[in-house]
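The values are calculated or read from the model by the stated rules, or taken from the named source; none is laboratory data. These figures come from a predicted structure and were not determined experimentally. Cβ sites come from the backbone with ideal geometry, for glycine too, and all protein chains shown count toward neighbours.
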Amino acid sequence: MAASDRTSPNQAASPQGDPGLVRVLVVSSVRLFQEAFAALLGRQCGIAVVGAASPPQASQVADQVRPDIVLFDASRQGNLDYAKQLADQHSGAKVVAFGVAEPDADVVTLAAAGISGYVRNDTAADDVAAVLISTMRGELLCSPRAAATLCHQVALLSRTARADTSAVSLSKRELQIAGLIDRGLSNKEIARRLGIQAATVKNHVHNILDKLKVHRRGEAVACLRKVPQERIADTGTLND
């Protein structure tokens, strides 16, 4: 069933200027998720769900309802691009992702995309509101491991701030795969996208990490963000 892009009469009536209310827009391509979060958060004091939208329509709906927080479904492939767009175009709203497994690479990718917080897959229903309230205070509720990952990433960026990443010699295929890594795709997903073997993708990723002198995909993503976009190859078929 297709997701709806809507604001209910009760949601639309939520006071725009009430400083005591956190206004939330729920974004997912799954209508069940939209309605479940609306029902869950609607019972929480101090939170008003002002609308729901599918990812392609999220920016347009956000213009209409002006949320404080966009609760975004990060579990679906390709949604991260829409989340980046929201974070870039709606600086007054904080984007909080849900459906996050919290591996190191995901945490770094979400932070690089401008996500202000996230709801882990194992978060209890009653704790979702706490994540949103903490995000509004400028705080990040995360595991100690995630905090360590982000601190490590900041240290890495500090060490490489003066490095000329653009001088790293990556092949067209490596740049192509790097762009797909930046979009959050796994090796198997990249292989399907490019029509090559997963083992071939794994070899390219190993070469990318070796050339950039890093050990993790998240670290490679951070380094490659320094590379001018015109150097990133198209996603068309290339010879390996």
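Name the single residue that is modelled with the lowest pLDDT among those in segment 67-124 being out of contact with any strand residue (DSSP E or B) (no Cβ under 9 Å at 6 or more places or on another chain) and among the hydrophobic types (A, V, I, L, M, F, W, C).
It comes out as 105.
Every residue in segment 72-83 that is crowded, with 23+ Cβ neighbours inside 10 Å and either assigned by TED's automatic domain parsing to the domain that holds residue 184 or in contact with a Gly (Cβ under 6 Å, 6 or more places away or on another chain) (or both), please.
Listed by number, the residues that qualify are 73, 74, 80.
Residues 86, 25: which one is part of a helix (DSSP H, G or I) and either of a type outside the set (Asp, Glu) or in contact with a Gly (Cβ under 9 Å, 6 or more places away or on another chain) (or both)?
On the way: 25 fails: part of a helix (DSSP H, G or I).
Exactly one residue qualifies, and that residue is 86.
Look at residue 40 and say whether it is in contact (Cβ under 8 Å) with a residue 60 or more places away in the chain and closer than 24 Å to residue 111 by Cβ.
Values: in contact (Cβ under 8 Å) with a residue 60 or more places away in the chain: yes; closer than 24 Å to residue 111 by Cβ: no.
No.
Among the residues of segment 136-147, are any at pLDDT below 85, within 25 Å of residue 209 (Cβ to Cβ) and either in a strand (DSSP E or B) or of a type in the set (A, V, I, L, M) (or both)?
yes
Could you list, in sequence order, the residues of segment 43-86 that are in contact (Cβ under 8 Å) with a residue 60 or more places away in the chain and of a type in the set (Asp, Glu)? Before you say what the answer is, go through the steps one by one.
Just the residues of segment 43-86 that are in contact (Cβ under 8 Å) with a residue 60 or more places away in the chain, to begin with: 44, 46-47, 68-69, 71, 77-78, 80-81.
Answer for segment 43-86, where residues must be in contact (Cβ under 8 Å) with a residue 60 or more places away in the chain and of a type in the set (Asp, Glu): 68, 81.
Please go through segment 91-115 and pick out each residue that is in a loop (DSSP other than H, G, I, E, B), of a type outside the set (Gly, Ala, Ser) and surrounded by fewer than 22 Cβ atoms within 10 Å (Cβ to Cβ). Break it down stepwise before answering.
From segment 91-115, those in a loop (DSSP other than H, G, I, E, B) are 91-93, 101-103, 113-115; that's our starting set.
From the residues that got through so far, the ones that are of a type outside the set (Gly, Ala, Ser) too are 102-103, 115.
Hits for segment 91-115 are 102, 103.
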